[in-house]
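Shown next, in structure tokens, is the structure this report addresses.
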Amino acid sequence: MYHALFYKSPLIVNFTFYKYPRMKFKLFILYIIICAGIFYPQEYKYAVISNIKFGAPNSVSQLTQVVNNINSREEIKFVVVIGDITLRGGDNEFAAANKILDKLKVDYYPVLGFSDMKYGSSGGSIAKELFEDDKFTLEVGTSSIHIGMNDFTPWRTRGHFSIEDLKWLDTEVTTVNSGEELNYYSSVPLNEKNIGNWYEVPNRLRAKNWRAVFYPAQQNRIITEASPPVVEIGPSLNKENYWNYTLVDYRTDSLFFYQISQDTLQELWGALSKADTAIKPITASDIEKAPIETITDVIDSNYAPFVLWQKDLQKEMYAPILITEDKIFTASFSGEINCFDLEGNPIWTHQLDRTILSNLTREKDLLLIGTIEGDLFSINANNGNVVQVIGVGEPITSQLVTADVHYNDKDTKGVIAGTSNGNVYFYEIYSFELIWMNNSSKEMIETKPLVLRDKILFTSQDGYLYNVDLNSGVLNWKWSERNSGSLSSPVTNGKFVFVSSPDKNITAIDLLQGTQAWRKNEYKGFETLNISDDKKKLLIKSLSDYFNIADAATGKADKKIKCPFGIDPDPSPILEINNEYLFGTGYGTIYRIDKTFRCTPVLFLGNARVTTLQSIGDSVIAAADCDGKIVLFKLKQD
């Protein structure tokens, strides 16, 4: 985490030490001047670079010219970089952008954008290595403070303020003096309620002398009606080989914004008087998803489940939790592995010091874990001790699955791991010997592979569905529809394999031939798709407000059920239990489709994406979200 301080405290002078009155008087005047600069807002200039999108045409030359221009201006004290640093989140894009930005003569402070987190194979962790962190605090004397924080989660469309970043913000805000002017930098508007934990940042900052919010936009603009005012900064680079950035002149009573570009030396595009930056209180209607007393407070008591126990780990947990017949395993983004019994009592904890985005999988006493650093671990499920580890050499990005395999003249188990480079590795789990490797795909595999007897099916960010022979790793076939984009995890009824795509189509592909059987757009499916236990029905959560049930053989609609969850683009689990369906949302609510096909909310975990819904047995359901909340509950029966 960046934490910098400009303008050191003044030297306190003992005037009685000096013999000559005239010297005393001069030093006294100097002391007053220095104190005036400390105890009243200081004036300084800094630069803001917005939406670099490094990797786009001409981005190398344009960013280089921006850096050179900033270096030519001695008045610029520091630089803030907001929005998409990269075009596709690639490690090479990050490294190249960092190499150019490091040529700045002053410090720079980046806040990552959508593309950096959505498409980056490292889940943003490479930015922490290159830039030291993805958040910062910068104090300018005692008069002003600048804070910026990442507001996206790895590989997801919807923004989210993570629970651990919010804890960091708590620490930083606590040290802010009441007189310090606070400026906040984001890559999304803070009032967007489709951002997970959106209210948490304003709730923390509004008690301070909060002056402005800066975020990237299509053009330069100041919104004084917002509270506090919003400063929108247009893109600094574009396809027409035109570069620019914003110079901020931070004055005692105002902020002046100038566009610096190749066409003009300095052009004023806006000003913000500090008299217009009073903070308006957040109303109750603004905090409709605010923290709740208990985990069921927002649910009608007629439908609220019986909560058996709940636990809040206060950890970023993007990997689903794993529930087995006797234990529950969790993995945090920072590599903390926890094991609990089914009553929620801790059994062991192990810190791997790795980045984990993939799910855990268990085979007997072995717990298998893949990491962004490219290591595949096996851990003793009973005590948390590492059994063995092998370096794959590239980030493990897919969800892990195991499969039966005949290898070295014996029946055994293998683990399948997809990587950021599009490779699929199949290792024997007890020896970690490589059985085979498939390199048919050239782009990141982030979804969960599907194992079917003698074949493995997986999707990649290249928009293809691949069918690979389980025993040899040889490609059987691959399928894609033009402009479909990255596909969902596949599901099957044994005859067809089904995927959803960002163009909102649901497609059935013949499992043997790899040809399209049917394709439907009417369900507006996105990334959430499953199949019923009897393999006859497709279960589809629409992009917004509907849950659909369709005939798997024909794609014909069976039921279209209204569920007012809003726009929800990210994948959510769907669970069938006792002829009913449960599904989670990115907003933290779990919905129930009962036997009469009525949709009701049954549980609200908090404003964070639901990552897990799993039946344990005896109608017990386990749920978890990406902020580390775990709940075991039973449904009320009519």
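Kindly state, to the nearest 0.05, the FRET efficiency for Ile561 paired with Lys193, given R0 = 22 Å and r defined as their beta-carbon distance.
After rounding to 0.05, the efficiency reads 0.40.
Restricting to Cα pairs below 8 Å that are 6+ residues apart, what does the relative contact order work out to for the chain? Please round to a whole percent.
9 percent
Ranking request for peptides 550-563, 576-589: highest mean number of other beta-carbon atoms within 10 Å first, then the rest in descending order.
The densest-packed peptide leads the list: 576-589, 550-563.
Starting from the Cα-Cα distance between Glu325 and Asn177, subtract it from 0.36 nm times their residue separation and give me the gain in nm to one decimal.
In short, 48.1 nm is gained.
Give the angle, between 0 and 90 degrees and rounded to the nearest 10, that separates the Cα long axis of helix 21-39 from the longest principal axis of the Cα atoms of the chain.
The two axes meet at around 30 degrees.
Would you work out which of Ala550, Leu169, Pro189 lies farthest towards the positive end of the dipole of the chain? Charges go on Cβ: Lys and Arg +1, Asp and Glu -1.
Positive-end residue among those listed: Pro189.
Asp375: net charge of surrounding residues, Cβ under 13 Å, Lys/Arg +1, Asp/Glu -1, itself excluded?
Residues close to Asp375 contribute a combined charge of -2.
Using a 1.4 Å probe on the protein heavy atoms only, what accessible surface does Ile323 show? Give it in Å² to the nearest 10.
Here the accessible area works out near 10 Å².
Ignoring any ligand, DNA or RNA, what whole percent of the accessible area of the chain comes from carbon and sulfur when the probe is 1.4 angstrom?
Looking at the chain in its full context, I get 49 percent from C and S.
With Rg and the Kirkwood Rh both taken from Cα atoms, where does Rg over Rh land for the range 358-399?
Checking Rg against Rh, the ratio lands at 0.97.
Please determine, in degrees from 0 to 90 and to the nearest 10, the orientation of helix 59-71 with respect to the longest principal axis defined by the Cα atoms of the chain, where the helix direction is its Cα long axis.
Compared with the principal axis, the helix lies near 20 degrees.
Taking 2.2 N^0.38 Å as the expected size of a compact globular protein, what ratio does the Cα radius of gyration of the range 385-538 give against it, to two decimals?
That ratio works out to 1.05.
How much net charge surrounds Gln461 when only the other residues with a Cβ under 11 Å from the Cβ of Gln461 are counted, with Lys and Arg +1 and Asp and Glu -1?
Residues near Gln461 contribute 0 overall.
Starting from 0.36 nm per residue, how many nanometres of slack lie between Ser61 and Phe306 once their C-alpha separation is accounted for?
Extra length available between Ser61 and Phe306 comes to 82.1 nm.
Which shape class, rounded, prolate or oblate, goes with the range 136-189 when its Cα gyration tensor gives a ≥ b ≥ c as root eigenvalues, a/c under 1.5 marks rounded, and past that a/b bigger than b/c marks prolate?
The shape class here is prolate.
Provide Rg and Dmax in Å for the range 562-638, with only Cα atoms included in the calculation.
Expressed in Å, the Cα Rg and Dmax of the range 562-638 come to 11.6, 33.
Which order do peptides 139-146, 620-627 fall in by mean Cβ count within 10 Å, highest first?
620-627, 139-146
Can you pull the one-decimal nm distance between simple spin-label points at Arg482 and Lys239, each 7 Å off the Cα toward Cβ?
Placing both labels 7 Å along Cα→Cβ, they lie 1.9 nm apart.
Along the principal axes of its C-alpha atoms, what lengths does the range 146-250 span, in descending order and rounded to whole Å?
So the extents along the principal axes, rounded to whole Å, are 44, 36, 23.
Just to be sure I understand the model, the point goes 7 Å from the Cα along the line to the Cβ. What's the resulting Glu580 to Asp510 distance in nm?
In this crude spin-label approximation the distance works out to 4.1 nm.
Once the Cα atoms of helix 163-174 and of the chain are each reduced to a long axis, what angle between those two axes, in degrees from 0 to 90 to the nearest 10, is obtained?
It works out to around 20 degrees.
Once the dipole of the chain is set up with Lys and Arg at +1 and Asp and Glu at -1 on Cβ about the Cα centre, which of Ser125, Ile506, Gln218 lies farthest towards its positive end?
Gln218
Accessible area per residue of the chain at 1.4 Å probe, in Å²?
For the chain, the solvent-accessible area averages 41 Å² per residue.
What are the semi-axes of the equivalent ellipsoid for the range 507-549, taken as the square roots of 5 times the Cα gyration tensor eigenvalues, largest first, in whole Å?
Its equivalent ellipsoid spans semi-axes of 20, 13, 7 Å.
How do the peptides 533-546, 214-227 rank, highest first, by the average count of neighbouring beta carbon atoms within 10 Å per residue?
533-546, 214-227
State the extension gain, in nm to one decimal, for the chain segment bounded by Asn92 and Thr264, taking 0.36 nm per residue of separation less the distance between their alpha-carbons.
Length gained between Asn92 and Thr264: 58.7 nm.
Per DSSP helix of 4 or more residues, -39500 (n - 2.57); summed, then divided by the residues of the chain. What does that give at 222 nm, rounded to the nearest 500?
Value at 222 nm, helices only: -3500 deg cm²/dmol.
Compute, for the chain, the length of the dipole vector about the Cα centre, with Cβ point charges of +1 (Lys, Arg) and -1 (Asp, Glu) only. Units Debye, rounded to 20.
Its charge dipole is roughly 1160 debye.
Measuring from centroid to centroid over Cα atoms, what is the spacing of the range 432-491 and the range 171-209 in Å?
Centre-to-centre distance over Cα atoms comes out at 43 Å.
Using a simple charge model, +1 on the beta-carbon of Lys and Arg, -1 on the beta-carbon of Asp and Glu, nothing else, what dipole does the range 401-535 show about its Cα centre, in debye to the nearest 20?
The calculated dipole for the range 401-535 is roughly 380 debye.
In Å³ and rounded to a whole number, note down the convex hull volume per residue for the Cα atoms of the range 511-579.
It comes to 104 Å³ per residue, whole-number rounded.
Taking R0 as 35 Å, what's the FRET efficiency between Ala275 and Glu132 from their Cβ-Cβ distance, rounded to 0.05?
0.45
If you take the Cα Rg of the range 41-188 and divide it by 2.2 N^0.38 Å, with N the number of residues, what do you get?
1.05
The values are calculated or read from the model by the stated rules, or taken from the named source; none is laboratory data. Worth saying up front: this structure is predicted, and the values here are computed from it rather than measured. When we count neighbours, we look across all protein chains shown, and the Cβ atoms used for this are built from the backbone with ideal geometry, even at glycine. The accessibility values were calculated without ligands, DNA or RNA, using every heavy atom of the protein model including side chains. Shrake-Rupley method; radii C 1.70, N 1.55, O 1.52, S 1.80 Å.
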